[in-house]
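The values are calculated or read from the model by the stated rules, or taken from the named source; none is laboratory data. Every value quoted in this text rests on a predicted model; they were computed, and no experiment measured them. When we count neighbours, we look across all protein chains shown, and the Cβ atoms used for this are built from the backbone with ideal geometry, even at glycine. These accessible areas exclude ligands, DNA and RNA; they are computed on the full protein's heavy atoms, side chains included. Shrake-Rupley method; radii C 1.70, N 1.55, O 1.52, S 1.80 Å.
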Amino acid sequence: KNLRWLCDKKFPNEKIIVWAANGHIAKFGNANEASDKKIVRMGSYFTNDSARLKTTYVLGFDSYSGYAGRLGWDTSKINEPKNDGFENWIDKQYEYAFVDFNKFKSSGNYKPQSFFLKGMGHMNYKENWTEIFDGIFFIRNMYACKMLK
């Protein structure tokens, strides 16, 4: 509701970038959440309106290896990707890559299918990620942020 207000009232003629964790911006589903409660993600809630769906680009982030963490929290090693997962489809020479799922979906070669990607909390999930994100920014080796002293 806050994002809708920003778009409709505060900045109605502006482009807005929302930078948030994949789990908050994901569209269409729960990505295998093990819970008896339905999780409504901001991305799903916001793009539930067909007009907003057409004007919103949801960019997820993914990494092959490295460490994750928040300021003030311990860091943790990122899980290894599945052998047949998205992270292994990216040419090893690329430290960073951008994959536009929307372009692929409009290419005429698109057939909806599930595949492994570490799209939620650096965990491997098999989902139809092309419906959850419009694109992926890939980072080969991620590192956790550190507090400056």
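May I ask you to say which residue of Leu59, Leu71, Leu53 is under 12 Å from the mean Cα position of the chain (by Cα) and within 30 Å of Leu6 (Cβ to Cβ)? Talk me through it step by step, then tell me what you get.
Working: Leu71 fails: under 12 Å from the mean Cα position of the chain (by Cα); Leu53 fails: under 12 Å from the mean Cα position of the chain (by Cα).
After ruling out the rest, the residue left standing is Leu59.
Hey, can you tell me all the residues within segment 81-99 that are exposed (fewer than 14 other Cβ atoms within 10 Å of the Cβ) and within 20 Å of Tyr57 (Cα to Cα)? Passing the criteria: Tyr96, Phe98.
Quick check on segment 78-97. Is at least one of its residues in contact with a His (Cβ under 6 Å, 6 or more places away or on another chain), in a loop (DSSP other than H, G, I, E, B) and more than 20 Å from Trp19 (Cβ to Cβ)? The answer is yes; a qualifying residue exists.
With respect to (1) part of a strand (DSSP E or B); (2) surrounded by fewer than 19 Cβ atoms within 10 Å (Cβ to Cβ), the lone exception for Phe138 is condition (2).
Only one of the numbered conditions (1) open to solvent by 60 Å² or more (accessible area, probe 1.4 Å); (2) touching a strand residue (DSSP E or B) at 6+ places or on another chain (Cβ under 6 Å); (3) more than 19 Å from Lys27 (Cβ to Cβ) is not met by Lys126, and that is (3).
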